[in-house]
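One structure is given below, encoded as structure tokens.
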Amino acid sequence: MKKIVLYIGIVLLAVACNDKQEFAYDANVLKHEDLSSKEMVASGNRMKSASIDRNNNVVVERKLIKTGNITFETKELEATRKTVLAVVNQYNGYVASDNQYKSEDRISATISVRIPARSFDLVLDGISKGVDKFDNKNIHISDVTEQFLDVEARLKTKKALEVKYLEILKKAKTVREILDVERELGKLRGDIEATEGRLKYLQSQVSFSTLSITFYKNNAGKEVGFGNKIGEAFKDGVENVKAFLVSMLSVWPFMIILFLLIFYVRKRMKRSKS
């Protein structure tokens, strides 16, 4: 049992040292990276650029997440929808959500699409054809290179630790030793799955860009002249009279009681005078 505990302690110490060396290496690589915002925008077509560590000649591939949203007016809502879907399908993208809204003054649609990062600008250009003016056009690029390298390093460390635990498990002789190692392996495998999930998510965000497209059509308003205003006012007056009559009919019992009360009071007054 003491040997197993000693083995586990040595493994943890060795992995911790390796972990520090890997993170130090990542930090050293990232230290020499310098990409300005202009360079990032210029590299948007390929979504990934490379930075070189001059000392070690190591190429670090940039991991960029590109998102955007645009809003514009259109004369034909359905025709624009077909154009958007055709362009997205042409570059192997897919629709994540499709919503339509209607109000008194406009009908609008919002389509969120996921497209391969390398085709982001091509899709944007294809959708922009025929658009006179954008109400809103916002493109955002996030550099997640450091996060990506960090998650990769942690995953590598955890998998190396898993191998060490498996070696220790082979040397375990008692049931207690086997259970102790398997318990640690269970925790470690849970961490590995969570780290792999995070890595896959980052890779998905880097590989596929998100673009939100909102387009709308204004409802044509009727020009109201002086004659139309008089006609509308007359209609409103008729409606008000109807509403008044309806309200009076709803209180007719009270009107009768009031009429009888007035009649009775006036009759009593005449008798008193006579």
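No lab work stands behind these numbers, since they all come straight from the coordinates. Fair warning: this is a prediction, and the values are worked out from it, not measured in the lab. Methodologically, a virtual Cβ is constructed for each residue, glycine included, from the backbone with ideal geometry; neighbour enumeration extends over all protein chains shown.
Here are a few things to note about the model shown:
- Most tightly packed first, judged by the mean number of other beta-carbon atoms within 10 Å of their residues, the peptides 265-273, 175-183 read 175-183, 265-273.
- Inter-label distance, Leu77 to Val131: 1.8 nm, where each label sits 7 Å from its Cα along the C-beta direction.
- Efficiency of FRET from Cβ geometry, Lys102 and Leu260, R₀ 51 Å, rounded to 0.05: 0.40
- Compared with the direct C-alpha span, the chain from Asp236 to Lys200 gains 6.6 nm at full extension, assuming 0.36 nm per residue.
- Ordering of 86-97, 132-143 by burial proxy (mean other Cβ atoms within 10 Å per residue, highest first): 86-97, 132-143
- In this rough spin-label picture, where each label sits 7 Å from Cα along the Cβ direction, the Val144-Lys217 distance is 3.7 nm.
- Packing-based ranking, highest mean first, of 202-213, 69-80 given that Cβ atoms within 10 Å are counted: 202-213, 69-80
- Rounded to the nearest 0.05, the FRET efficiency derived from the C-beta distance between Val163 and Glu61 at R0 = 22 Å is 0.25.
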